[in-house]
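Asker: I have a structure I would like to understand better, so I am pasting it below and will then ask my questions one at a time.
The values are calculated or read from the model by the stated rules, or taken from the named source; none is laboratory data. Since the model is a prediction, treat every value here as computed from it, not as a measurement. All Cβ positions, glycine included, derive from the backbone under ideal geometry; neighbour counts span all protein chains shown.
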Amino acid sequence: MVAQTRTPRTGWIDAGLAALAAGGPDAVRVDLLAKSLGVTRGGFYWHFASREAFLDALLESWEQRCTDDVLEQVESEGGDARAKVRKAGMLTFSKALLPVDLAVRDWARRDRSVARRLRRVDNRRMAYLRSLIGTFVEDPDEVEARALLAFTLAIGNHFVAAGHQGRSRAEVVEHATRRLLAD
């Protein structure tokens with residue numbers, strides 16, 4: 001007789017984050033997740049007491065992946081401050097993490113507890129940017145402005161539909177990034 005295996009907690013979380021990214025918190029339904037995983041919903045309750053506990057676990061995982069894991073990887077790979085700013089942005093707003101980040105931002109507009117968590121995450125991101133930019137820019141006002149512009153560029157870039165007069169979006173973003181990271 002073959003022993004039954006449970007869907008690991010991480011499997012549920014990965015499926016939940018994908019559902020969140022695709023359709024927001026309303027798309028995170030236990031029945032739909034169980035169906036997508038090819039399991040029964042009973043396994044869900046082995047790991048999570050309720051849907052609310054699961055949603056909180058999703059937010060914890062998002063925060064871990066987009067802050068702690070990103071910062072750890074950036075610091076472990078080293079490089080100068082400019083390279084670290086680029087790497088942090090590339091990892092934070094990667095194809096894997098960006099859709100979840102945008103879904104959390106949308107969710108935060110309607111849920112105060114999610115908004116508080118998002119504020120905490122964004123404050124950590126901004127503090128990291130300030131610390132890096134402050135290594136090559138002395139004026140605190142300029143550090144704050146550049147950190148905000150860099151962060152806004154990374155997020156807002158995904159909401160702008162305008163063309164760029166014969167240049168690609170990637171070229172324009174790269175040019176803007178070089179200006180933000182200049183001495």
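Asker: Of everything in segment 87-113, what is surrounded by fewer than 16 Cβ atoms within 10 Å (Cβ to Cβ) and either β-branched (Val, Ile, Thr) or over 25 Å from residue 15 (Cβ atoms) (or both)? Give them in sequence order.
Answerer: 90, 112
Asker: Could you run through segment 116-150 and say how many residues are in contact with a Lys or Arg (Cβ under 8 Å, 6 or more places away or on another chain) and either over 22 Å from residue 65 (Cα atoms) or among the acidic types (Asp, Glu) (or both)?
Answerer: Selection size over segment 116-150: 5.
Asker: With (1) part of a loop (DSSP other than H, G, I, E, B); (2) within 14 Å of the chain's Cα centre (by Cα); (3) farther than 16 Å from residue 21 by Cβ as the list, and residue 79 as the residue in question, which single condition is left unmet?
Answerer: (2)
Asker: Answer yes or no: is there a residue in segment 91-98 that is modelled with pLDDT of 95 or more, among the basic types (Lys, Arg) and farther than 20 Å from residue 56 by Cα.
Answerer: no
Asker: What is the residue count in segment 62-76 for residues that are touching a residue at least 12 places away in the same chain (Cβ under 8 Å), under 10 Å from the mean Cα position of the chain (by Cα) and surrounded by fewer than 21 Cβ atoms within 10 Å (Cβ to Cβ)?
Answerer: So the count comes out to 3.
Asker: Report, by residue number, each residue of segment 133-180 that is within 22 Å of the chain's Cα centre (by Cα) and either among the small types (Gly, Ala, Ser) or in a loop (DSSP other than H, G, I, E, B) (or both).
Answerer: Result: 145, 147, 150, 154, 156, 157, 158, 159, 160, 161, 170, 176.
Asker: Starting from segment 110-129, keep only residues that are more than 21 Å from residue 55 (Cβ to Cβ), then list their pairs with residues that are aliphatic (A, V, I, L, M) whose Cβ atoms are within a distance under 7 Å, requiring at least 6 positions of separation or different chains.
Answerer: Within 7 Å, the pairs are 126/147; 128/71; 128/88; 129/85; 129/147; 129/150.
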